Structure formats: C-alpha cells, structure tokens
1. Do we find that PHE65 is over 21 Å from TYR3 (Cα atoms) and among the hydrophobic types (A, V, I, L, M, F, W, C) in this structure?
2. Using beta carbons and a limit of 9 Å, which pairs, at least six apart or on different chains, have the first residue in the stretch 130-144 and under 13 Å from ILE89 (Cα atoms) and the second one at pLDDT below 80 and among the basic types (Lys, Arg)?
3. Would you mind finding the one in LEU55, LEU68, LEU29 that is within 21 Å of GLU131 (Cα to Cα) and in contact with a strand residue (DSSP E or B) (Cβ under 7 Å, 6 or more places away or on another chain)?
4. Answer yes or no: is there a residue in the stretch 149-161 that is closer than 21 Å to ASP51 by Cα, buried (at least 17 other Cβ atoms within 10 Å of the Cβ) and within 16 Å of the chain's Cα centre (by Cα).
5. When only residues in the stretch 232-248 that are touching a helix residue (DSSP H, G or I) at 6+ places or on another chain (Cβ under 8 Å) and assigned to a loop (DSSP other than H, G, I, E, B) count, which is surrounded by the fewest Cβ atoms within 10 Å (Cβ to Cβ)?
6. Of everything in the stretch 197-231, what is touching a residue at least 24 places away in the same chain (Cβ under 8 Å) and in a loop (DSSP other than H, G, I, E, B)? Give them in sequence order.
7. Mind listing just one residue for me: the one in the stretch 164-191 that is buried (at least 16 other Cβ atoms within 10 Å of the Cβ) and among the hydrophobic types (A, V, I, L, M, F, W, C) and, of those, nearest to ILE89 (Cα to Cα)?
Amino acid sequence: MSYKVIIIDDEGRTRSMLKKMVSSTNFPLKIVAEADSVQSGIDVINEHNPDIVLLDIQMPDGSGFDLLDRLRHRNFEIIFVTAHQEFAIRAIKFSALDYILKPVEIEELESALENAIDTIQSKSDLSMRYETLLENLKHSNKRVVIRTKGSMYVVDLKDIIHCQSDRNYTYFHLTDGRKIFTSRTMKEYENVLSLPDFIRCHRSHIINFNHIERYERGDGGIIVMKNGSEVPLSRQSKDRFMELLESL
C-alpha cells in the first residue's frame, strides 16, 4: 500500500525539493498532486483524497490555516512547512501536529513522515487536532492535545495542575482528578507550557501558577498545589519562582 501525498507551497523551488526528498525516502509514498495556493490546494485535496499533505503556512491568497478552515473534510495527516513563526509554531505544538522548518532537512522530513504514517495506522482522530489548532489560533492557545498510546486528549490549559516527568514519560495531573500518561518527554511540553501561567520549577516538574495553594520554605522549598500535591522547588529555580510568585 502506498500513501498518497500532496505538496502545497507557493514556491516552485520548494515544491521540487520536497518532491525529491519524499521520493528518496524508503516509505511507501506516492506524490499525487501539488499546488501553489490555498484555492488550488483545496481543489487537489478534494480531487485526490490524500493521506498526507505537506502544507506551507504563508501563501499569496491566504495561509495554510485558512485552507484547513475552508475544508469540509480533514481526513488526512498534515505536516506544516514553514519559516520560523513563534505564534504559529506554538499553536501547532499545542495541537500535537507536526511541522518542519525551512530550509528543510531530510532527517526532519523523514521523522515527520514516519510520525504521520504511524498516526494514520493508529486510526487517530485527525479532525479533533485540527479543530483544536484552529481554535487556538483564534483564542491564543487555550487547549493542548495530549497523545497517549491509545488515545488523544484535548485538555484546557486551565485544567492542568502540574506535570511530572518519569524519565522519558510525562504525567499530567488535572483538576478533575485524572492523571494522563504520555510517552512524550517533559522537554517537549516545556516549550508549550510556559509563562505566564506555567513554570518548570524542578527538572521533573512543571506547575500551573493558578493552582498553587502555598509555598513552604526550605533549601529549595516545597510548592503545595490545590489538589494536595507537594512539588519540590529546585535551588536553581527558586529565585525565578519567588520573583514570579511575589508579582502575582
């Protein structure tokens, strides 16, 4: 079985480069179409029903997000291809979607394609992540998608009390008492859960400032959260934490 791929980018040189890179991989992929604008992208997606779309963010007649918003059916995996745009990248990360930066490196493309194929094979709910992305773009990143082995959870940021790492795994502690376990590392979430609401207070913990009950002084100290969890504060993070706490 070959997975159908569409490349959408307004730069002909970038499309040619991506075609060569995709064709050089060992994945069972077939490039079925390409497009150079939002409208032509919508047309080829509707015509070919792709499995994977490599999608530029900025195009002359709109953005890749506009394209997504205008599609009635989003039953394919997207890899965004973009120059560095902090807000757009943060929104993509919040939605557990993939992106690669220009100029494109073959290793990054191969990794993104492998993730896309794994997601397709797991029959994950793709539309849920796209809805989260579009909502976050409109409302400044209010929700995050957490991938687990068998599911994807859409979680409001305000409902995350704290995150705890256990080697290469992360536990999310939520206000409703649930704990969501994911095989993604704390480092990946540190780039998503950031100030002003979140801070990494210890190498194994990220906390939500809105759920702090009290701070107990000590060498580093202990942060007691509203759910009763006691989170250690490292000496390296103490000055920054105290500065932020006093500014609340």
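1. In short, yes.
2. Sorted first by the residue in the stretch 130-144, then by its partner, the pairs are ASN136/ARG90; ASN141/ARG90.
3. After applying the criteria, what remains is LEU55.
4. yes
5. Checked the stretch 232-248; the qualifying residue surrounded by the fewest Cβ atoms within 10 Å (Cβ to Cβ) is LEU248.
6. Of everything in the stretch 197-231, those that are touching a residue at least 24 places away in the same chain (Cβ under 8 Å) and in a loop (DSSP other than H, G, I, E, B) turn out to be ASP197, ARG203, SER204, LYS226, ASN227, SER229.
7. MET186
Table: residues versus (1) of a type in the set (A, V, I, L, M, F, W, C); (2) under 13 Å from LEU113 (Cβ atoms); (3) assigned to a loop (DSSP other than H, G, I, E, B); (4) within 23 Å of the chain's Cα centre (by Cα).
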residue: ILE7; (1), (2), (3), (4): yes, yes, no, yes
residue: LYS20; (1), (2), (3), (4): no, no, no, no
residue: LYS30; (1), (2), (3), (4): no, yes, no, no
residue: GLU34; (1), (2), (3), (4): no, no, no, no
residue: ASP43; (1), (2), (3), (4): no, no, no, no
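The values are calculated or read from the model by the stated rules, or taken from the named source; none is laboratory data. Fair warning: this is a prediction, and the values are worked out from it, not measured in the lab. Positions of Cβ are generated from backbone atoms using ideal geometry, with glycine treated the same way; all protein chains shown enter the neighbour counts.
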